[in-house]
Each structure stands twice: as C-alpha cells, then as structure tokens.
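Engineer: The following block contains the structure, expressed as structure tokens.
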Number of protein chains: 2
Amino acid sequence: MNLAPLMKPASIAVVGASQRLTRATRVVANLQRFGYAGKIFPINPRYSNVLGLPCYPDLGATPERADSVVVAIPAEQVPDVLRAAVANGVRGAVVLSSGFAEAGPEGKQRQAELERLATDHGLLICGPNCYGVFNIRLGASTFSADMAEPLRPGPVGVVSQSGGFSHAIAEYLMQQRCVGVSYIVSCGNQAGLTVEDYVAYLVDDDDTHVVGAFVEGFKKPDTFRQAAARARALGKPIVVLKVGRSENARQAMLAHTGSLAGTAEIVEAMLKQSGVVQVSSLNEMIDTLALLPAARRSAPRSWRVGILSGLGGECGRASDAADRAGVELPPLSAASVETMKSFMPDFASPRNPLDGTGAMYEDARLFPQLFDVMLREEAIDVVAVNLRVNVPKPGGGAPSRQFSRAMIEALPRNPERLVLAFSSFAGGDLDQDVVGALADAGVPFLESTETAMLALRHAREHRRFLGRPDLPPSSPAAPRAGARLSGTLGNADAMQLLRDFGMPLAETVAVKDAEAAVAAADRLGYPVVLKIDSPDIAHKTDVGGVRVGCGDGAAVRAAFRDMLGEVRRRAPAARIDGALVQRMIGGGREMILGVKTDPLVGPAVVCGFGGIFVEQLRDVSLRVPPIGPADAAEMIAELRGAAILSGARGRPPADTRGLADAIVRLAALADAYRHSLRAVDINPLLVLDDGHGVVAVDWLIELA
Amino acid sequence: MNLAPLMKPASIAVVGASQRLTRATRVVANLQRFGYAGKIFPINPRYSNVLGLPCYPDLGATPERADSVVVAIPAEQVPDVLRAAVANGVRGAVVLSSGFAEAGPEGKQRQAELERLATDHGLLICGPNCYGVFNIRLGASTFSADMAEPLRPGPVGVVSQSGGFSHAIAEYLMQQRCVGVSYIVSCGNQAGLTVEDYVAYLVDDDDTHVVGAFVEGFKKPDTFRQAAARARALGKPIVVLKVGRSENARQAMLAHTGSLAGTAEIVEAMLKQSGVVQVSSLNEMIDTLALLPAARRSAPRSWRVGILSGLGGECGRASDAADRAGVELPPLSAASVETMKSFMPDFASPRNPLDGTGAMYEDARLFPQLFDVMLREEAIDVVAVNLRVNVPKPGGGAPSRQFSRAMIEALPRNPERLVLAFSSFAGGDLDQDVVGALADAGVPFLESTETAMLALRHAREHRRFLGRPDLPPSSPAAPRAGARLSGTLGNADAMQLLRDFGMPLAETVAVKDAEAAVAAADRLGYPVVLKIDSPDIAHKTDVGGVRVGCGDGAAVRAAFRDMLGEVRRRAPAARIDGALVQRMIGGGREMILGVKTDPLVGPAVVCGFGGIFVEQLRDVSLRVPPIGPADAAEMIAELRGAAILSGARGRPPADTRGLADAIVRLAALADAYRHSLRAVDINPLLVLDDGHGVVAVDWLIELA
C-alpha cells in the first residue's frame, strides 16, 4: 500500500477551516507555523479566505487536486465529504472528528460507510476519532493537538492507538530529550488504515530508523509480521508498548477503541519472534526510543557496559539495576585501573561502576581524565555516564554542563564507541544546554538508572535478534489430502495425524477385550499401562481411565475389567471403544507440548514441564508457527525449570534436541491445520536421556 | 540516645567559617538564608566577624556553649576540634570533611579517633564525609549542599548513606511534589551515629510521620528492629531503598563507604518482618514517600482503587499496571454507572478505570460530575485521578488546572476519602499551581502509573502489617545447660538438639553391624532405608551412603555390607560409626527447612520445596527469628510452589499447620543458638496429609 499521499502530502485541503478558531482552523494555523511548504487549501463555502489563504467552497473547487484532506467537522457530514474526496481524486483523508465506532450504533454505521470508501475506492483513511498524522520534517501537521515548538525532525517514528500518548511521547522526545522524530501517527478508530499499516510504512520510510508503537490491539497480525520481517532486513528496531496483559485492561480497551486484544501470551510470542522490543511503561519506552538510534549507528559487537558516576551511592544502585536487567558490567582492565590510580585520589579504588568521588566536582581535570579512560577501555563496549541534568536553580551549580562539554570534546578520540548519559531518576525539566549538546554529539540522555539499563538490554537483544540465522520459510505444509477430520479426534486419527508430522509416539495397541490386552502386553513387554479408548473422554484419569504398572498378564486382565467397570460407572454416556495398551517407559522427564489458538493470531505452540510446573507455576513458553530449531531451542531455554533438562546430580542431560525437533514438528502440524485446529495437548511427552529422543505418551487433538 | 543537640540545636558553631566563600562559610550563609532562629557562632581565629556575625577564635570563646558544631576543615585538624568540642560541652558535631575511612589507612586511623570520642565522651557525631543534617522546620541547615528554595517543612524524614541522594530526594519532594520534609540526614562514614540511630530518632520525632532511608549497609540491625517495632506502635511507615542485591553492588558499596551489605536475602527478610516498605528505584521511593503521609491520614480500611482518566489509552495501561502491582480496581456500583450514564455522552460505558473521554476537555461540567461520582462511590476506597501536570508551554492549554480546582472544591463532600493524582509517566517540570494546590488540599501527586500503583500497594501492605496480631515475644529460649556442642554434630547430638525444640523426627535406629540393622528393621517394619552414620560425611548420597527400599531382612543385610564397602572406598578418611535405619515414609511432600546465618543479622530460617525447586528454581522464603505462626504461614504462602501443598488433583491438602509449627520450632532453636549456630539443613522434611503433621527424615547441624 502506498501511503505517501497521506504521509507526505504535496498539498492539503482542510475541510471546516474558518475565520473562527475551530479545530480545522488550528490545523491550517499549525501548517503555517511549522513551515509546511506544500499547498494548503482551506475548504469552507462561507469564506473566501482563511488565515491569509484563498478558501474554497468544496474539494472540487481547488486549483489542483489535494493529496490529502483533513476533516474536522461533525461526524454526520463526514461521509459526504469523503465521497467528494474520492470523486475529486483526493487519495488521503485524516478524519479527526469523533462520533464513529466509539459512539454507539449510529456511529458504528457511520464508520462502516468510511470502511466501504476505503475498501471500494482505496481512499487512505487515518482515523476517525484521532489526532491525525504529523510529518515532522515537512511540517505537514495534519494533526489536531497543540504541539509546542521547536520541532526536531529525526529518526524516530511514533504510532499510537491513543492520540494522547502519540503526542505526549513524541513531544517529550523532541523537547526534553532532543531526540528527532520523523512522524507522529494517531490511529484512532482505524476505519481504513490500521496500526500495522503505519508500522509497515514507517519501516520502509528512509527518514525513520526506529519505530515506536503504542498498541491496544492488533487487527492484521500478518501485516505486522511482514513489516517486522522487513524491519529485520533493514536492521530497524520496532518498539511496542502493548496493553492488555490483564483482563481489566482488555475490557478497558474494548470500551476505548473496540480493540480485541488477542490472547496476551500468544500476541507476546508473536512479537518476540518478530524481534519486537517489548516495553512495559512509557518511561521505558521513551528511554528505549532515545537510545536505539544511537545504538543503531554505533552497533557495538558486544554490550559490556562501563558506568561512570560522581555519586558513590549510585554505583551500588546501578549495579543492582544492571543485574536485574541482565546488563553486564565487567571489571575494568588492569591497565585502566593503573592509569586511573596515577591521577585519582590515593584512596580511590577504580572499578566498574566507576565512582569519580566528590573530587570530580572539585578538581576540573578529574572528570575528563576518567571519561577518557572509559572511552578507550577495551574491557567495555558502551560508556554510560551518570549525570544530574535538571535545569539549574538560580544560584545552584550546574556541574553537568562542564562534564558534558568534556565528554563532547573527548568523543572524537573513539568515535565508534556508544556513549550515553543517564540520570538516577526521572523527573524535572532537563537542562537543554546539556541534553541538546549531547544529542548533537550523538550521545542520548536517558532518565532513571532502571529504565536506562532496560533500554541497554533491549538494544543488545535487538542486535542479537538481527544476528540470528534466518527464520525458516513460512510456507506451511499442507494438510493431508483426503483427511476430513473434525471434533475431538479418536485415538487412531490422532495418532495418524501426529505421525504424519513425524511426532514420535509411544507404541500403542488398541484392544477390544481383556484377552487382546494381555496379548498386546505380552508382545510389548511388561510393565504396561492401560488407558481407556473413548472419543468422548478427554481427561482419562478423571474417570479412572488409566491403570499403570500392570506387571503381568493377570494384572492386565484384572486392570482391564476394573477400569472398564469404573469408567462406565463414572462416564455412563461415553462411547467406549476398548482400551489402549502401552509399555511403560521409565526415566524420561515429563513435559507437555500443546497448541492453543487465538482468534486473531492463530495457533501457538506451548511447551512446559508437566505436573505442578504447568498447572501451578504456569512455567510455559510459547511461539507461533513457523517455528525453526533456533526458536524451539529458545522456547526450551526460556523455561524457568530449564535446568531440569541439563542433568544435575549425576543424571545425564535430557535430549533437548529431540524436544526442539518435536516442537518444530508440532508447529508444522499447527500451521498446516491453522484454519481448523482448536487445540493439541500432548501430555506427557517424555524427554529421554540425550541421544534417546522423546516420546509422546498421551495426546488429545481437537479440530473445529 | 538523645540526638536533640544534633537534630534540634539551639545554637550552632561553624568551624572554618571565614570571609571567603568556603564550605563552612556557606553553612553560615545558609543558616541565615533559611531563617535559623538559634545562635550562630562562626569560629575562626583570623576574623572578628563573618557575614555580619561576631566570629570567635575557638569553641571555648563562644558566649555560651554551642549545642552543635559544624566542622568543615581539613581532615587532619578535625580530631583536635572535636576534642575541644568535648572539652567545652558541645554535644553534637557534624563533620562535613572527607579524608577518613574512605581515604586509605591514614584516614581510617583518623576515623578511629572520632569513634573513640563518640564512645568515650558521648559526642554525637554525624559523618565524617557527609552532607550533614538539615532540620527543615528550624532552618537548622548544618548541611553542605546547595538547597534551592523554598523549603517546605512537613512529615517526611529522609536519611541516606549517600549524601547526593539525601539531597536529591528531599529537594525533589519539596520542590516538585510539594511534599513537606522534616529532616534531611546524610550519614557519611558513620563514625558515631549510624543510619539506624537516625531512623530511631525520626520514628520518635513528632514532626516526622514517614521515614525514608537510602541504605547501603546496616551496622546495628538490632537497633533498626527496635526502631521498626516502635514505628509499628506509632503507625509510622519506614520506606527503605536497600542497595546490594547484586554482588557487584556489594563490592561498589564496600568501596564507597566500607559498608558490609549482609546477605541480601536475610537482610530483606528482616526488613519484611519489621514491616518496612521496600522499594527498588528512586522514582518508586519518591512516589511512595509522597503518598504515605496522605495514606496515613485517611487510613482507608480497604484499598479498592477507582481510576479516572481523560485518556482512553491510559485506562488499559493503568489496568495492566494495577494488575502487576496487585492493586484491586473493582467494578463500579450499578448506581454510579446509572448516574454517569445520565450525563455522559451516549456511547460512553462507565467502568473502572473510568474513561472521561475527549468530552472531558470540551465540556467543563463533565469532569466535576465524574469526580463527584468517584468521590462518593462506595465500591472503592481510593480515587486516583490521571492528570498531565507539566508546566504549560507558551500557547499550550493547561486543562489540569481546571480539573484540580474541581477536585479541591469537591473534596469536602467526602473528606475521609483518600484521593491522589498521578501522571502517565515521569518527566518534566510539574506545574506548581496544580501540584501545590492539590498538596495543600491533601492530595498527593505521583509520577507515572507504574510507580503510583506500587506506592498504593505499599500503603496497603503497610496498613495490613499494622493490623497484624502482635509478634511473639523476642526472648529466645536458652540453649540446653551442660551441652557443649561444636562442629558438625554427630547423629545422636543432632537428634537430641532437634528433639529439645520439639522437631518431629523419623524414628531412627543407629546400628553397628548388619545383624543389628536387620533387627532394627524387623522392629520398625519394612521397607526401610539405611544411611551411613558418620560425623565426617555431610552429603551421604554423594558417597553412596544411602540405600532405600530395603524390603526384607536379606535386603537389609546386603545393603548394609554393600553401602559400607562403597563408602569406605569413596570416603576413605571418614570415621564410620555404623548405619542408621529408618522406616521409609511414603506420601509426604518433600520440603527442606534450614538455617543460614549472616555475620551481621544472625540466623535466618529458610523454607522451600525439595529437589529442583530449591536447587534450580531457588524457590525459598526466609525469616529471621523470632518467628511466630503468622510469619511461618506467610513464609509458606510466599513460595511460588505453595499450591503444591493445597491438594490439587484429588490429593488431600498437606499439613501446612504442622509445617508452620516446624518452622517456629526451628526458629526457636536458631535463636537459642544464635551465637554458635552455623547452619541447619533438614532435607527432606516430609509434610504429610493434613492432620498428620510433618516428619524430618534427614538432618545436618553445624555449630561454630
């Protein structure tokens, strides 16, 4: 989709602009104020000029076709205006008006009209009920919120399903952090374009190097995944703050924009696999967006961080925060320590984090010397300088101005090195003399140690994601021809389907009577387990449908009768086909492998340890197909109990490659049946000792 | 200890004040600037007056004895001045100078001199190497950092082992948040008074209602626990930001102030039991300190929170943040929903969080109506209003000014209700017109949804702590008379010691040879387990010293010989006393119970699930003695795997009361032997089905 008419309009019509200060008039005023160089056409039959510009009665009357039209008039008049836009060849429309899907049944109907215009005529609609689109570089502010000056064009594109946050994030980045912004997009009700479309546009936009998105719910997960794949190819990070972990949040979002959130875990898995940087607060988002452009330029190979602070207390705090965020603060090299001892006070013990001590504020030579050592230190890749950079109070000192000057002067000595500055906590106006100068020198400023460390981790993880081997091709295997499966599968169908995808299954013999069970057991070898064979019983143990440890023929015979009796008593309505006989397999680690599905995203493969781990600790990991061996290995490593597989206490390690292979196979199955699969539950999957593979012992498959 | 001369000095001498702008001169200037009403005595033999005040040659020459002396002169001169202070009856000394324990061997010696003066003469020493003490109400700024005006006296006392943070936290509270501060204390090297002494003082200080402490390491945990007990009696919260979770932080702190951090988990357990509010970032600390004074005044019984926002996107975000913080956002009552539907736009769906929609900014009547409903809503106890309160940009709107006015007008309609305001993220100067007016009306302003929700949880948890039944008396049981135990205890001693404290043990028979083992097994009943009996073998399984499931006499005989043979081979140096015979006990949940000790805090009891849970998931909980049944129950509930004990899948619940009782008994043992106990390891402790108690199966006790 070519969004250029909307995102880079050469000319803009503004419907509803007038000589009073309406919302539309403000759009015209902003276009003028921000130096938009394209043509502006105020549209209003009642005026001949608005703010010094000729005003036209309708969209057909403009001297040339407008690329984009801004609509800020009562909702009921909007469809007519958009029809006129289509009729006159206008290709983009920013509908600021509210009164659509968020506004009851009548509004919903109105929005449906907009959706038809978008679908039938390819009109690019932003909104309705939005703040609009702001191309910062062009000053093309088809945007309704007041925006303080100065604007700062730059590499960060912001798109948000909350108008207020689109504005707040972008404004804060530009004006407090001196981080340049390419676009601000408020999606509104998404009658035409959705958050995924804007993300896709921004990923391909040359001005944009980093995309930040505030998302309440996805609508087109496939578009998003394609955009993310493209972003990966271009090395551009996408940062997402996704709302909807809690049930209450999902309800709130449904009320807000009618967004369906999707199953939180499955959406999260999709984002993770797409290499998306996921953040969980606005401060974390702002810090991450501030850091990533610089991190992308410098792109250190490794991410060992060195911290320099003038506050001894900060050194401990920063260590704790780095530890929590998983950021490495390695020891400084012996050479650096020696160098520093030559000019630091006698008692100082140079380490990482490096405490510049109070002497840093008294002796002007000390900070530049310390920074210089950190800049050249080979044991680290990133220098993070702790500075308090609030606007100085009258009479107060501003030592950070000197420190930042020293940093800027020193940078050319190692221009490759990623350098950032951060404060100990977030709050208060930032001294633009410091932050601006640092920004111009390529040094981002982050607020609060905790979010700075998180941002560093995000930058590292994104870089690691870029360096991963390519994902497997996404063309799923086709379902087996001729198979018409539906509902809860009987055992034979389930086994066949799992075998089709190469899942290793425990040898299982279906028998009708006790004697056949004994014969099967004789062949399989003792001890065996008997299980009820019924398409109507999902949870066999709940109705007494499992007998383990049958050690000989007599035990099998007794167990068979006993089991069938109990199951008939406890599940009188179930059709019983007989029993399944399996040889008991010892020594494996019991895990579960399954598929759950989300109406929006589709199927996801779930992996976890059996028993208490999955039921009470909820220690599971998820991915959405396609899943390659690297993803599967990651899924396993992510489990809190992963160490169970590594073979502690004299036990050999488990066959994690076999487990990863089973995950990949189940993902292929889920992908092939993505339109009909409801759930798969393999429980337990026994993971045997390394080299012995895995074996599924019990399974349940539900199709639509 | 009476710290009044230091904390509320009636007169202050300042050694080193001069006609140049030295650090000491600045102290005099600050005392004048902040309106200190007591006498100020500049001390300097070279001047007759300083800043308009008569200047005295030495501490003996002042017209009356000074309560406190501020010392900001080179370190080597400090001991003499303090000796003169003692000689002249000065009782408090704030030593700003550095060059002591933080400054190499010579400095350490100098600090030892100060410590002697404190110990021998009761001189109250703050510092050295500190920012000092600032009594805000009195303007008694024996404090060396620049402090911006205006000061705001009030209920929050701040004490910090980092001078920079003491200043930054207090200044931010007063000047951005309009939160009043009683004292600022920077502890420095703690030659005399330690962080615990200041906390104890502030707890008892009438001006102080909430104490905030930045702590790198404790020195007197008993003093701290006593202060915390006193704070509990007075209903005053203590908020602690404790550094030192990570090893690197512990090293950094050692370098910074020579603080030993203590074992992080044990210190944390002590703080938890003392009802201390533990925070992990400065932003969380500032928000918690801002909320608690108001929370203490209103003291809601319950903590159901209602949120009102004008940003739809915030409603989902706040729900997620509340969910993460464990804050309850209940549904609004039907009556409130009906009321709101009568005046809200047709399409609005009132719920909690309440989305005021864009209409809130357009229709001035809407916000007051919505707030009024929330103020009276009976389904909630706390109203949290989301506002963006940054200083308005030229030309920008400031709707929060109207909103806050409406809030302040409405408050008298339900003056009991706790009301707070919060922004979506932290950053930028706060509009003092709004924050100040809200503060004067008793409404705290917090920054960022995440920390606001954490602060609410902290306030609730502190209130719950105050409502808990009293802690058990802290007088520990005495060690058994006559018992002179040391080293790793032999089995008989260990069993006797555990029995002395009522720990239920599996019946265990010590035998010397195979035939005695068979006889014991015949008596105990089969199957039995054999274990090697050796004071030199701590981990029996590692050397083949355990044989389980011996089902008859022959098996016992074989196992005995086999085991002794293997142990002799694998641990040839160990003294072997024979074997222990126990009947195997089935069906219990395997847990571990132990004692570990910290050189500073003393012993702590550790509880967790056996096997993988403790070894790899590190799912354990800790408390320090004395431990009552309520603490023990909390320890059990805190385990991530606690659900294992609750009896899922048709299994009866486990005897958690029996487990709690065992914890209490082990704590009594640990307390009685606190000076000699090194470690206890009961592994496994079998927790049987409810009503059947617990039984320790294996144990290891080490004394000094």
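Engineer: Within the group A:A290, A:A227, A:A233, which residue is away from every other protein chain (no Cβ under 12 Å), open to solvent by less than 20 Å² (accessible area, probe 1.4 Å) and part of a helix (DSSP H, G or I)?
Structural biologist: On the way: A:A290 fails: away from every other protein chain (no Cβ under 12 Å); A:A233 fails: open to solvent by less than 20 Å² (accessible area, probe 1.4 Å).
Of the residues listed, the single one that is away from every other protein chain (no Cβ under 12 Å), open to solvent by less than 20 Å² (accessible area, probe 1.4 Å) and part of a helix (DSSP H, G or I) is A:A227.
Engineer: Tell me whether the range A:97-105 contains one or more residues that are of a type in the set (F, W, Y), away from chain B (no Cβ under 14 Å) and under 22 Å from A:G16 (Cβ atoms).
Structural biologist: As a first pass, look at the range A:97-105 and keep what is of a type in the set (F, W, Y): A:100.
From the residues that got through so far, the ones that are away from chain B (no Cβ under 14 Å) too are none.
Checking the range A:97-105: not a single residue is of a type in the set (F, W, Y), away from chain B (no Cβ under 14 Å) and under 22 Å from A:G16 (Cβ atoms).
Engineer: Another question about this same structure. Answer yes or no as to whether A:A335 is closer than 22 Å to B:H167 by Cβ, surrounded by fewer than 21 Cβ atoms within 10 Å (Cβ to Cβ) and more than 12 Å from chain B (Cβ to nearest Cβ). Spell out the reasoning first.
Structural biologist: Numbers: closer than 22 Å to B:H167 by Cβ: no; surrounded by fewer than 21 Cβ atoms within 10 Å (Cβ to Cβ): yes; more than 12 Å from chain B (Cβ to nearest Cβ): yes.
For A:A335, the condition - closer than 22 Å to B:H167 by Cβ, surrounded by fewer than 21 Cβ atoms within 10 Å (Cβ to Cβ) and more than 12 Å from chain B (Cβ to nearest Cβ) - is not met.
Engineer: If only one of B:I663, B:I682, B:I627 is away from every other protein chain (no Cβ under 14 Å), among the β-branched types (V, I, T) and part of a loop (DSSP other than H, G, I, E, B), which one is it?
Structural biologist: Numbers: B:I663 fails: part of a loop (DSSP other than H, G, I, E, B); B:I682 fails: part of a loop (DSSP other than H, G, I, E, B).
So the residue among B:I663, B:I682, B:I627 that is away from every other protein chain (no Cβ under 14 Å), among the β-branched types (V, I, T) and part of a loop (DSSP other than H, G, I, E, B) is B:I627.
Engineer: On the basis of being closer than 21 Å to B:G312 by Cβ, within 13 Å of the chain's Cα centre (by Cα) and facing another protein chain (nearest Cβ under 10 Å), does A:E247 make the cut?
Structural biologist: Spelling it out, it is not the case that A:E247 is closer than 21 Å to B:G312 by Cβ, within 13 Å of the chain's Cα centre (by Cα) and facing another protein chain (nearest Cβ under 10 Å).
Engineer: I've got another one for you. How many of the residues in the range A:129-148 are more than 9 Å from chain B (Cβ to nearest Cβ) and open to solvent by 10 Å² or more (accessible area, probe 1.4 Å)?
Structural biologist: Going through the range A:129-148 one residue at a time, the tally reaches 5.
Engineer: Now for a separate question. Could we say that A:Q190 is within 23 Å of B:Y361 (Cα to Cα) and either buried (at least 21 other Cβ atoms within 10 Å of the Cβ) or in contact with a Pro (Cβ under 8 Å, 6 or more places away or on another chain) (or both) here?
Structural biologist: Working: within 23 Å of B:Y361 (Cα to Cα): yes; either buried (at least 21 other Cβ atoms within 10 Å of the Cβ) or in contact with a Pro (Cβ under 8 Å, 6 or more places away or on another chain) (or both): yes.
Yes.
Engineer: Identify all residues within the range B:285-300 that are modelled with pLDDT of 95 or more, farther than 26 Å from A:M453 by Cα and out of contact with any His (no Cβ under 9 Å at 6 or more places or on another chain); write none if there are none.
Structural biologist: Result: B:A294, single match.
Engineer: Taking the conditions exactly as written (open to solvent by 10 Å² or more (accessible area, probe 1.4 Å), within 14 Å of another protein chain (Cβ to nearest Cβ) and out of contact with any Leu (no Cβ under 6 Å at 6 or more places or on another chain)), does A:L151 satisfy them or not? So that I can check it myself, show each step before the final result.
Structural biologist: Numbers: open to solvent by 10 Å² or more (accessible area, probe 1.4 Å): yes; within 14 Å of another protein chain (Cβ to nearest Cβ): yes; out of contact with any Leu (no Cβ under 6 Å at 6 or more places or on another chain): yes.
When the stated conditions are applied, A:L151 passes them.
Engineer: Looking at A:G212, A:G275, can you tell me which residue is within 14 Å of another protein chain (Cβ to nearest Cβ) and of a type outside the set (A, V, I, L, M)?
Structural biologist: Working: A:G275 fails: within 14 Å of another protein chain (Cβ to nearest Cβ).
Within the list A:G212, A:G275, the selection yields A:G212.
Engineer: Among what's in the range B:378-388 and is open to solvent by less than 40 Å² (accessible area, probe 1.4 Å) and within 12 Å of chain A (Cβ to nearest Cβ), pick the residue that is nearest to B:E314 (Cα to Cα). Write out each step before concluding.
Structural biologist: At the first step, the residues of the range B:378-388 found to be open to solvent by less than 40 Å² (accessible area, probe 1.4 Å) are B:379-387.
Those still in the list that are within 12 Å of chain A (Cβ to nearest Cβ) too: B:386-387.
Working: B:N386: 8, B:L387: 10 Å.
So, considering only residues that are open to solvent by less than 40 Å² (accessible area, probe 1.4 Å) and within 12 Å of chain A (Cβ to nearest Cβ), the one nearest to B:E314 (Cα to Cα) is B:N386.
Engineer: Within the range B:158-165, is even one residue over 26 Å from A:V389 (Cβ atoms) and part of a loop (DSSP other than H, G, I, E, B)? Even if it seems obvious, please write down each step before you answer.
Structural biologist: Residues of the range B:158-165 over 26 Å from A:V389 (Cβ atoms): none.
No, the range B:158-165 contains no residue that is over 26 Å from A:V389 (Cβ atoms) and part of a loop (DSSP other than H, G, I, E, B).
Engineer: Another one. Since B:K341 meets every condition but one in (1) more than 14 Å from chain A (Cβ to nearest Cβ); (2) without any contact (Cβ under 8 Å) to a residue 60 or more places away in the chain, which condition does it not meet?
Structural biologist: Of the numbered conditions (1) more than 14 Å from chain A (Cβ to nearest Cβ); (2) without any contact (Cβ under 8 Å) to a residue 60 or more places away in the chain, the odd one out for B:K341 is (1).
Engineer: With the range B:19-125 as the region, which strands (runs of 3 or more DSSP E) entirely inside it contain at least 3 residues that are touching a strand residue (DSSP E or B) at 6+ places or on another chain (Cβ under 9 Å) and surrounded by fewer than 20 Cβ atoms within 10 Å (Cβ to Cβ)? Show your work before the answer.
Structural biologist: Values: elements: B:39-43, B:68-71, B:92-95.
Once the strands (runs of 3 or more DSSP E) in the range B:19-125 are filtered for at least 3 residues that are touching a strand residue (DSSP E or B) at 6+ places or on another chain (Cβ under 9 Å) and surrounded by fewer than 20 Cβ atoms within 10 Å (Cβ to Cβ), nothing remains.
Engineer: What are the pairs with Cβ atoms under 6 angstrom where one residue, in the range B:300-329, is closer than 28 Å to B:G467 by Cβ and the other, located anywhere, is hydroxyl-bearing (S, T, Y) and in a loop (DSSP other than H, G, I, E, B)? Sequence gap at least six, or different chains.
Structural biologist: B:S319/A:S246; B:D323/A:S246
Engineer: Out of the range B:562-575, which residues are open to solvent by 40 Å² or more (accessible area, probe 1.4 Å) and within 25 Å of B:G586 (Cα to Cα)?
Structural biologist: B:D562
Engineer: Test A:N414 against the stated conditions and say whether it is modelled with pLDDT of 95 or more, out of contact with any Cys (no Cβ under 6 Å at 6 or more places or on another chain) and more than 14 Å from chain B (Cβ to nearest Cβ).
Structural biologist: Working: modelled with pLDDT of 95 or more: yes; out of contact with any Cys (no Cβ under 6 Å at 6 or more places or on another chain): yes; more than 14 Å from chain B (Cβ to nearest Cβ): yes.
Answer is yes for this residue.
Results for (1) open to solvent by less than 10 Å² (accessible area, probe 1.4 Å); (2) modelled with pLDDT of 95 or more; (3) assigned to a loop (DSSP other than H, G, I, E, B); (4) facing another protein chain (nearest Cβ under 10 Å), shown as yes or no for each residue.
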| position | (1), (2), (3), (4) |
| --- | --- |
| A:E265 | no, no, no, no |
| A:N283 | no, yes, no, yes |
| A:I307 | yes, yes, no, yes |
| A:G313 | yes, no, no, yes |
| A:G316 | yes, no, no, yes |
| A:A321 | yes, yes, no, yes |
| A:P330 | no, yes, yes, yes |
| A:P345 | no, no, yes, yes |
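Engineer: If you go through the range A:505-527, how many residues are open to solvent by 50 Å² or more (accessible area, probe 1.4 Å) and either within 41 Å of the chain's Cα centre (by Cα) or acidic (D, E) (or both)?
Structural biologist: First, the residues of the range A:505-527 that are open to solvent by 50 Å² or more (accessible area, probe 1.4 Å): A:507, A:510, A:512-513, A:515, A:519, A:522-523, A:526-527.
From what's left, either within 41 Å of the chain's Cα centre (by Cα) or acidic (D, E) (or both): A:507, A:513, A:515, A:522.
Summing the residues that are open to solvent by 50 Å² or more (accessible area, probe 1.4 Å) and either within 41 Å of the chain's Cα centre (by Cα) or acidic (D, E) (or both) in the range A:505-527 gives 4.
Engineer: What about B:A255, is it open to solvent by 30 Å² or more (accessible area, probe 1.4 Å), closer than 24 Å to A:A452 by Cα and not in a loop (DSSP other than H, G, I, E, B)? Spell out the reasoning first.
Structural biologist: Numbers: open to solvent by 30 Å² or more (accessible area, probe 1.4 Å): yes; closer than 24 Å to A:A452 by Cα: yes; not in a loop (DSSP other than H, G, I, E, B): yes.
Yes, satisfied.
Engineer: Another question, then. Looking at (1) within 23 Å of B:G588 (Cα to Cα); (2) in a helix (DSSP H, G or I); (3) touching a helix residue (DSSP H, G or I) at 6+ places or on another chain (Cβ under 9 Å), which is the only condition B:G658 fails?
Structural biologist: Exception for B:G658: condition (3).
Engineer: Let me ask something else. If A:R401 satisfies every condition in (1) out of contact with any Leu (no Cβ under 9 Å at 6 or more places or on another chain); (2) open to solvent by 50 Å² or more (accessible area, probe 1.4 Å); (3) within 14 Å of chain B (Cβ to nearest Cβ) but one, which is the exception?
Structural biologist: A:R401 satisfies every listed condition except (3).
The rows are residues; the columns are (1) open to solvent by 40 Å² or more (accessible area, probe 1.4 Å); (2) modelled with pLDDT of 90 or more; (3) in contact with a Ser or Thr (Cβ under 8 Å, 6 or more places away or on another chain).
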residue	(1), (2), (3)
B:I612	no, no, no
B:R623	no, yes, no
B:I627	no, yes, no
B:A642	no, no, no
B:S646	yes, no, no
B:D655	no, yes, no
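Engineer: Taking B:R417 and the conditions (1) more than 28 Å from B:L241 (Cβ to Cβ); (2) without any contact (Cβ under 8 Å) to a residue 60 or more places away in the chain, which numbered condition does it fall short on, given that it satisfies the others?
Structural biologist: Of (1) more than 28 Å from B:L241 (Cβ to Cβ); (2) without any contact (Cβ under 8 Å) to a residue 60 or more places away in the chain, only one is false for B:R417: (2).
Engineer: Which of the residues spanning the range B:139-157 are part of a loop (DSSP other than H, G, I, E, B) and modelled with pLDDT under 95? Spell out how you get there, then give the answer.
Structural biologist: So the first thing to find is which residues in the range B:139-157 are part of a loop (DSSP other than H, G, I, E, B), and the list is B:139, B:144-152.
Selection gives B:S144, B:A145, B:D146, B:M147, B:A148, B:E149, B:P150, B:L151.
Engineer: Can you pull out the residues in the range B:449-469 that are open to solvent by 10 Å² or more (accessible area, probe 1.4 Å) and of a type outside the set (D, E, K, R)? Explain how you work it out, then say what you get.
Structural biologist: Of all residues in the range B:449-469, those open to solvent by 10 Å² or more (accessible area, probe 1.4 Å) come to B:450-451, B:454, B:457-458, B:460-469.
Within the range B:449-469, B:T451, B:L454, B:H458, B:H462, B:F465, B:L466, B:G467, B:P469 qualify.
Engineer: Determine whether B:E590 is assigned to a strand (DSSP E or B) and open to solvent by 20 Å² or more (accessible area, probe 1.4 Å). I'd like the intermediate steps shown before the answer.
Structural biologist: On the way: assigned to a strand (DSSP E or B): yes; open to solvent by 20 Å² or more (accessible area, probe 1.4 Å): yes.
The answer is yes for B:E590.
The values are calculated or read from the model by the stated rules, or taken from the named source; none is laboratory data. Owing to the predicted nature of the structure, the values given are computational and were not obtained by experimental measurement. Every residue, glycine as well, gets a Cβ built from its backbone with ideal geometry; the counts of neighbours run over all protein chains shown. For accessibility, only protein heavy atoms count, side chains too; no ligands or nucleic acids. Shrake-Rupley method; radii C 1.70, N 1.55, O 1.52, S 1.80 Å.
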